[in-house]
1. Ranked by accessible surface with a 1.4 Å probe, highest first, in what order do K203, K31 come?
2. What's the extension gain from K63 to A196 if we count 0.36 nm per residue and subtract their Cα-Cα distance?
3. What distance in nm separates the simple spin-label points at N42 and W183, each placed 7 Å from Cα in the Cβ direction?
4. Would you list the P(r) distribution for region 98-177, with all Cα-Cα distances sorted into 5 Å bins from 0 and each bin expressed as a whole %?
5. What distance in nm separates the simple spin-label points at V208 and D86, each placed 7 Å from Cα in the Cβ direction?
6. How charged is the neighbourhood of K200? Take every other residue with its Cβ under 12 Å from the Cβ of K200, and add Lys/Arg as +1 and Asp/Glu as -1.
7. For region 129-168, state the average projected area of the convex hull of the C-alpha atoms over all orientations, rounded to one decimal in nm².
8. Dimensions of region 66-113 along principal axes (Cα, Å, largest first)?
Amino acid sequence: FHYPDYFPNSERARQFDAGGRRIMLRTLLDKQLEVYERQVENGTLSPSTLEGYGKAIRSERMKFWDGLALSEATPSKLRDWISSMDVTSKRARNLLTPLRSVFEDALNDELIDFNPFDRIALNKLLKQTTKASDYEVDPFTAAERETLLAKARADERPMLQFWFNTGLRPGELMALRWPKVDWVVNKVRIDRNLVAGVEKGPKTSAGVRDVDLNGEAIGALLAQKS
């Protein structure tokens, strides 16, 4: 039985693929991941962003949609899913991004009459149901820094000493090159970042900056240079 063959003018005919099977959300999510992979290949999406989208699509929470057809993704079901996440607002939005793209494409392809996201008060819902981040900054104390430097191998110590005295992001530290060091005014120009093995510029202009180097940082660079 191939529904579109018998009822080609029915609104429900759109809910079936060319083989007569119902269009499943898991299939569309997997196809969305393939779209992201192609975007990385053509340079329009960063590998780190792809990694985040991949984790969202393959996550346990996204399995909520496994076994459900596109036509079953009602606003109420979407609202219930979001309300049950028990994650921070940022994490929730990361999970929602691939699913939102699936619904947007389905609407553009006329597979659905409306996007379920358009019929929920998303910002209000996230504010009511997500939790505050429990992340707390826990910097090394002076004693902890001294202990780490004392226990570091000789080839590790300059890097740690420089890092402690500049506060660079990990990717910025890994992308730093000798030509970026200004020995005259004791500064380093930070304008590159290494993310997921790919070196690139910062996301915003504020990421490009000159960092002042104190005596400890200069000493670390001199030790590293040898």
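1. Working: K203 195, K31 115 Å².
So the residues, ranked largest to smallest area, are K203, K31.
2. Value of the extension gain: 45.3 nm.
3. Distance between the two pseudo-spin positions: 4.7 nm.
4. Reading upward from the zero bin: 3, 11, 12, 11, 9, 6, 7, 8, 10, 9, 7, 5, 2, 0.
5. 4.6 nm
6. Values: positive: R192, K203; negative: E172, D191, E199.
Computed value for this residue: -1.
7. On the way: hull surface 16.2 nm².
With every direction weighted equally, the projected area is 4.1 nm².
8. 33, 17, 16
The values are calculated or read from the model by the stated rules, or taken from the named source; none is laboratory data. In this text the structure is predicted, and so the values were computed from the model without any measurement. Because the Cβ atoms are built from the backbone with ideal geometry, glycine has one as well, and the counts that use them run over all protein chains shown. When the accessible area is computed, the model is the full protein with side chains, heavy atoms only, and any ligands, DNA or RNA have been set aside. Shrake-Rupley method; radii C 1.70, N 1.55, O 1.52, S 1.80 Å.
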